Amino acid sequence: MIGRETRVLLRHYLEQGMSKAAIARELGINRRTVHRWIAAGQLDRELDDEAVRYGPRRRRSSKLDPYKGIIDARLAEYPELSAVRLFDEVRVAGYPGGYGQVKRYVREVRPRAPEEPVRRFETPPGHQAQVDFAEFRTPWGKRHALIVVLGYSRYMWIRYYERQTMGVVMRGLESAFRYFGGVPSELLFDQMKAVVLGDRREEGGRLVENPEFLRFSVHWGFRIRACRPYRAQTKGKVERLVSYIRKNFFYGRTFASDDDLNAQVLRWLVTVANVRIHGTLKERPARRFEAERPRLMPLAPWAYRPVTPRPVEAEPGQAADAAILPLVDVEHRPLIEYARIAGGGS
C-alpha cells in the first residue's frame, strides 16, 4: 500500500509528464513497482481516505540547554528560589538568552499551586505602615529581620538583628523613618508582638500598650494599631513580603557576617525590591513612593530617649557602649495626647 506522501508525489510526477523510469529513480524504487501501483488503482484513491499521521516533533534546542543543569541543581538545594534569581545566576555563567526561557523552564520543573485570592485593604498615601519580624537562619546563628512596609506604595525597609526586643524595635523604626524621610500616621502590628512590645491586653475593646512604647509613639507622632479584625486583608502586605524576601534575596546567597548581611539587603532594596513591578499594584514601589513621601509626617527633631536605660542593638560603626541609652528626663505631654495615640481619642 502506497503512503499518502508517495501517492501525492507519484501523481505530481505523472501530471508533469515524467516517465515511469524517471519516477522510479526519483522515488528510489523499482520501475515495476511503479507499474504495479498504477495497475492496482492506488492513484485513483482519494487522498482524504487515509488519516494523516504525524511523527513526534523534533525537540528544538535552545540557548538555555547548556545551563539547565545549573537551574536543576539550584532548585534541588533551594526549591523556592525565584526565576529572577536563577536568571541572574545563569547569565553570570554565560547564558546569552532572555528571561522568558528561564521563567518557562522554572515553571516546568517547579509547578506552583494557584494562590488563594485575597481582597486587600488598601490605605491612602502616608497613612499606614506594617511592621513585623521574620526569622532567618545564618551559619552563625538565628537572625530576625525587622520589616517595615508602607501600605500605599509597598516601599520597604529591612534590617537584621540578633534579638527581638523592644529596644531593637524602637531603634529599627527610627532607622526606617529616616530611610523613608518621614513617619506614617499609624503603625500596624500583629498581636503576637506582645513578646516584643511588652505586656499588653485588651480593655473595653481598646489596645493597651507597653508604656515605654506608647511614649515612643507619642514622640514620633504615630498611632499604634493591631491587626484586627481582618488579619488576612490587612497583614498580608508584610506577610507576603517575608516569602518574597526569602525566595528573591536570602536563599542561595552567602553572607560573611551581620554587617555583610545588612549591607547586601540594603543594596537589594535599592536595586531590586523597591524598583520591581509589584505583583498586586502592577507598579514600581519606588514610583508610588514619590507620591507617598510628601504625605508622611515630618521626622522628630531628635531620637527618642527612653525612661529606663536598656541595651539595644548597635548600628554599624557604633561603639557597643553607645547602644546603652542613658537615663534622662521624660518629655511631659497632656494625657489626652496619650489617649489619642492609643486609639481612645481623636
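Before moving on, here are some points about what is shown:
- The set of residues in region 128-156 that are closer than 23 Å to I224 by Cβ, assigned to a strand (DSSP E or B) and among the aromatic types (F, W, Y) contains only F133.
- Cβ-Cβ under 6 Å pairs, at least 6 apart or on other chains, region 283-296 side closer than 15 Å to T123 by Cβ, far side aromatic (F, W, Y): P285/Y155; F289/Y155; E292/Y152
- Exactly one residue out of A51, A40, A21 is modelled with pLDDT of 80 or more, more than 17 Å from N248 (Cα to Cα) and small (G, A, S), and it is A21.
- Where P211 falls short, out of the listed (1) modelled with pLDDT under 80; (2) open to solvent by 70 Å² or more (accessible area, probe 1.4 Å): (1)
- Listed by first and then second residue, the pairs with beta-carbon distance under 7 Å, at least 6 apart or on different chains, first residue in region 241-260 and closer than 30 Å to L281 by Cβ, second open to solvent by less than 40 Å² (accessible area, probe 1.4 Å) and part of a loop (DSSP other than H, G, I, E, B), are K247/L81; K247/S82; N248/S82; Y251/L81; G252/L81.
- Residues that are in a loop (DSSP other than H, G, I, E, B) and closer than 20 Å to R246 by Cα, drawn from region 265-283: V272, R276, I277, H278, G279, T280
- The residues in region 237-270 that are under 13 Å from R85 (Cβ atoms) and of a type in the set (V, I, T) can be counted, and the count is 1.
- Of the criteria (1) at pLDDT 90 or above; (2) loosely packed, with under 12 Cβ neighbours inside 10 Å, which one Q128 fails: (2)
The values are calculated or read from the model by the stated rules, or taken from the named source; none is laboratory data. Please read these numbers as outputs of a predicted model, since none were measured by experiment. No Cβ is skipped: glycine too gets one built from the backbone with ideal geometry, and neighbour counts run over all protein chains shown. Areas reflect the complete protein model, heavy atoms only, side chains present, ligands, DNA and RNA absent. Shrake-Rupley method; radii C 1.70, N 1.55, O 1.52, S 1.80 Å.
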